[in-house]
Amino acid sequence: MKLLRSLVIAAVFTTAYPAALLAGVSMIDGSEPERQARWEELSEYIFGDRPIEAGGDLITIEAPTRAQDPALVPITVKVLKKDEVQAIHLVIDDNPSPYAARIKFGPAGDPSEIKLRVRVNDYTNIHAVAETADGRLYQTRAFVKASGGCSAPIGVSDAEALKGVGQMKMKFDDNAKTATLMIRHPNFSGMQMNQVTRLYTPARYLDEIKVSYGDKTVFEIKGDISLSSDPVIGFSYNPSDESEFTVRAVDTKGERWEETFAAPARIN
Amino acid sequence: MTRLVLASRVLLAAVSAALMILPVAAAESTSHVPEPRELWTGPMASDTPATLEGAQVIDVPALEKLLAEKPLLIDVGPADRKPDGLPASTIWKPTHRSIPGAVWFPGAGSGELPDEKVEALLQRIGELTGGNKSAPVVTFCRPKCWASWNIGKRLVKAGYTSVYWLPAGVTGWQERNDTSPVEPEAGWTPKPSGGQSAAK
């Protein structure tokens with residue numbers, strides 16, 4: 001029995017830490033000077049010369065160390081001082097189009113937690129930057145091992161991928177302060193090759209998604225080709241007595257969709 | 001006894017699972033794709049053969065040892081092509097990370113290069129190896145990438161005698177080592193947006 005147990009432990013260890021068995025174990029964690037240089041270049045491009053401070057006590061990012069599907073990498077950004085933050089910027093450093101999303105929060109919004117799914121093209125840092133109401137910037141990062149997410153073929157024809165485009169669902173959690181929005185859209189990256197015609201499908205993605213609660217904005221997302229197909233966005237909101245959520249979405253081809261959802265009953 | 005058998009099976013399964021997620025290992029050797037006699041002109045991203053006649057197939061640990069001989073590292077991975085349909089506001093800043101010290105010839109692994117491109121390619125590689133055809137050269141891109149097989153084939157045909165093909169490519173390399181951003185060699189910058197570009 002002892003033998004079995006130790007063999008099982010060895011087996012589990014081997015599965016979980018295969019690299020540990022080899023010499024030259026990779027210690028890459030995104031802190032390498034060239035990766036930092038890339039971030040400095042990109043952040044200057046996006047934020048100009050505004051200083052960006054370490055955001056340890058203000059913003060956190062959770063991402064898998066090694067993504068199972070590079071075209072569908074779940075990201076959770078949490079804001080610890082929600083009243084100070086008015087926007088979050090998501091940058092996937094080594095993606096060819098790195099500025100993945102800009103999320104602005106409105107009066108009905110709560111930046112405490114936002115969840116997105118993104119495409120990761122190569123081993124990269126993913127930076128989340130919180131912007132406060134007075135314009136200060138705070139960053140944090142996660143290093144993700146995945147590659148090929150932007151060019152991963154969709155697996156069906158373009159027409160098939162566009163079926164039901166713009167259809168939406170909203171799932172409210174019982175706590176009446178968090179919800180998940182799902183929108184059907186292939187979010188073509190422009191880097192995906194149709195495996196039959198061997199032509200690239202032009203980029204076409206959800207450019208802007210705006211969620212309102214009553215007449216107040218919850219959040220607005222400016223998207224990019226780095227957002228996965230069929231976006232699933234988990235968000236928080238400030239509960240109120242309003243009865244309806246409205247979602248307005250527009251893609252880069254100019255097509256628009258609007259949907260309303262009954263707000264859940266408030267639990268007091 | 002049965003317990004022992006069971007345990008060793010569990011261990012075997014776990015080890016194979018570990019190997020499967022590690023492109024570092026010589027997992028490519030299970031391929032049953034036959035070597036074409038000439039350069040491959042089919043889909044570039046598909047299963048490749050286990051061998052390349054006239055060249056040695058190496059894995060990442062073998063490359064790590066070979067680095068002591070300062071081989072010429074030739075990356076033929078594709079360059080990201082700016083997609084059609086991107087709004088003007090998009091920040092398009094592709095980067096290509098490779099094995100440190102590599103030279104990058106995006107598109108040079110095509111089986112259908114025009115003669116003048118082939119000539120320019122071989123001339124440049126001749127310069128980089130100081131005209132020594134027995135100098136070690138390593139060709140790679142990513143797993144399941146015929147481009148690296150093709151350029152290895154071209155170099156063998158051109159008389160290079162120490163050609164090494166690394167099927168695991170940058171993907172395998174970066175499991176254990178860091179990569180560096182590289183710029184394309186002159187004349188090999190990707191075509192601007194529009195029209196069909198080389199298959200990935």
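The values are calculated or read from the model by the stated rules, or taken from the named source; none is laboratory data. These numbers were taken from a predicted model, which means no experiment stands behind them. Reconstructed Cβ throughout: ideal geometry from the backbone, glycine too, with neighbour counts over all protein chains shown. Side chains included, ligands, DNA and RNA excluded: accessible areas come from the protein's heavy atoms. Shrake-Rupley method; radii C 1.70, N 1.55, O 1.52, S 1.80 Å.
Worth pointing out:
- Residue in the range B:92-103 that is within 14 Å of chain A (Cβ to nearest Cβ) and assigned to a helix (DSSP H, G or I) present: no
So that you can scan it fast, the table gives a plain yes or no per residue for (1) within 9 Å of another protein chain (Cβ to nearest Cβ); (2) at pLDDT below 95; (3) open to solvent by 60 Å² or more (accessible area, probe 1.4 Å):
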residue	(1), (2), (3)
B:ASP84	yes, yes, no
B:LYS144	no, yes, yes
B:GLY152	no, no, no
B:VAL156	no, no, no
B:THR161	no, no, yes
B:GLY169	no, no, no
B:ARG176	yes, yes, no
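- Pair list, Cβ < 9 Å and 6+ apart or interchain, from the range A:204-223 residues that are on the phi > 0 side of the Ramachandran plot to residues that are part of a strand (DSSP E or B) and surrounded by fewer than 18 Cβ atoms within 10 Å (Cβ to Cβ): A:GLY214/A:GLU244; A:GLY214/A:THR246
- Test set (1) at pLDDT below 95; (2) open to solvent by 10 Å² or more (accessible area, probe 1.4 Å) - A:GLY149 fails condition number: (2)
- The number of residues in the range A:78-128 being within 14 Å of chain B (Cβ to nearest Cβ), out of contact with any Cys (no Cβ under 7 Å at 6 or more places or on another chain) and under 30 Å from B:ARG176 (Cα atoms) comes to 15.
- Every test in (1) out of contact with any Leu (no Cβ under 8 Å at 6 or more places or on another chain); (2) within 14 Å of chain B (Cβ to nearest Cβ); (3) open to solvent by 10 Å² or more (accessible area, probe 1.4 Å) is passed by A:THR180 save one, and that test is (2).
- Checked against the criterion of being modelled with pLDDT of 95 or more and over 30 Å from A:ALA262 (Cβ atoms), the candidates A:VAL144, A:VAL196 yield just one match: A:VAL144.
- Of everything listed in (1) at pLDDT 95 or above; (2) within 30 Å of A:TYR45 (Cβ to Cβ); (3) surrounded by 21 or more Cβ atoms within 10 Å (Cβ to Cβ), the single unmet condition for B:PRO100 is (3).
- Candidates are the residues of the range B:154-174 that are more than 12 Å from the chain's Cα centre (by Cα) and not polar (S, T, N, Q); the one that is nearest to A:GLU32 (Cα to Cα) is B:VAL163.
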